[in-house]
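All remarks here apply to the structure that follows.
The values are calculated or read from the model by the stated rules, or taken from the named source; none is laboratory data. Note that this is a predicted model, so its numbers are computed, not measured. Don't worry about glycine lacking a Cβ; one is built from the backbone with ideal geometry, like all the others, and counts go over all protein chains shown. The accessibility values were calculated without ligands, DNA or RNA, using every heavy atom of the protein model including side chains. Shrake-Rupley method; radii C 1.70, N 1.55, O 1.52, S 1.80 Å.
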Amino acid sequence: MKATFPHMGNVYIGVKTLFDGLGIDYAVPPSSNKTALDIGSLYSPEEICLPFKIMIGNYIQAIENGADTVILPGSCGPCRFGEYCELQMNLLKSLGHNLDFVVLDFPRDIGLKELYRRIRMISSNSSKKTYQKIIALSDALKATRLIDEIEGLAHMYAGYERNKGECKQMLKICKDEAMKCTNPSEMLKLLKDYKEKIHHLSVDINKNPLKIAIIGEIYTVIEPYSNFFIEDKLMDYGISSKRGLTPSWWVKNMALSPFKLNSLTIKKNAKKYLSLGIGGHAVECVGEAVASSLEGFDGAIQIFPMGCMPEIVSKSILPTISNDMNFPIMSLVVDDMTGEAGYITRIEAFIDLLERRRSNVLSGC
């Protein structure tokens, strides 16, 4: 087995740590880019959403490097992401690729037993002993949590840094060095060191930067290429940003879902506006919009792929939240035809709006 996986934010660091710990051969796809999107757009149904197309590009690029097994985080619906694995398997088979897919979700009908069986499909290819496999999984979860924490700190401190661009540069170097690690111990030490380093960056606590929350559909929120690297751009503008949806959040949410203990605060915040789960991360989007306003953020940007039904519902609810809480929210829809120039213009216009609002408040207007 030579395993691969689609790029979804920092997932690749956690999965690399896991496979290094298990001693399993793997192929990390090139970072999502125009080539991956072009490949995916060429072979995918025209009307399918952007994440599907980029993932197909990731797979085919990894297949060219010898991958024969795809590890895919999944969903049981009602969002169509729950059908991705079947659609992608059929598409790749039609292209002549014979792959094994391992979908990591929580099957509702058969639950933990089926999830355990799928995990064993991966771990059975490792020669490690059981306790070593458990340690490898634990290390992978720690690595995922650490890189998410480092990234979150970099995005927040970017608004306070004294040396412009230092947070962005440190985050980039951290990720580059992480890919050079050859074992979990080395990876965890590196990430712990960088978490400590970022806490000691030179910041100006007297600054009062704009604070923007990033909300929306999980893939387009956490995969930088799909959102035109919006968080990097906000860092360049000296803005602090926050994003609740991360790979480590997804793992925790999935683990607590069977016990209905997942995302309790988010659900509480969303209840007034969206009390039922309608698929995807619509409830999280609505709940995080409310939470961001309560936490004193200046505004929120919703990002989702064209045709994403749960986020279309969220988008229709967000104006009510905006009016009720006097909290600006902008929605950005992305697909393979989205032009970066117009996209960036909208972000800059939104930032100008937030700056004018703050100026009016300070002047008493």
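List of remarks:
- Distance from segment 298-338 to segment 260-288 (C-alpha centre basis), Å: 15 Å
- Helix 34-43 axis, angle to the chain major axis (alpha carbon atoms, nearest 10°): 60 degrees
- Sulfur and carbon atoms: percent of accessible area, the chain [1.4 Å]: 55 percent
- Accessible surface calculations at 1.4 Å, restricted to protein heavy atoms, place segment 172-314 at 45 Å² per residue.
- Choice from S248, S44, S127 with maximal GNM fluctuation in the chain (Cα, 10 Å cutoff): S127
- The calculated FRET efficiency for the pair S138 and L294, based on their C-beta separation and a Förster distance of 35 Å, comes to about 0.55.
- Potential extension, I205-I278 segment - 0.36 nm per residue separation minus Cα distance: 22.2 nm
- Over 21 Å between alpha carbons, listed pairs K252/K272; K129/K180; K53/K168; K16/K175; K195/K268: K252/K272; K129/K180; K53/K168; K195/K268
- With the cut-off at under 20 Å, measuring from each backbone N in segment 1-38 to a point 7 Å along the Cα-to-Cβ line of R120 picks out 1, 22-24.
- Segments 136-143, 268-275, 90-97 sorted - mean Cβ within 10 Å per residue, highest first: 136-143, 268-275, 90-97
- The chain: relative contact order as a whole-number percent, Cα under 8 Å and 6+ apart: 17 percent
- On Cα atoms only, tilt of 11-22 relative to the major axis of the chain in degrees: 30 degrees
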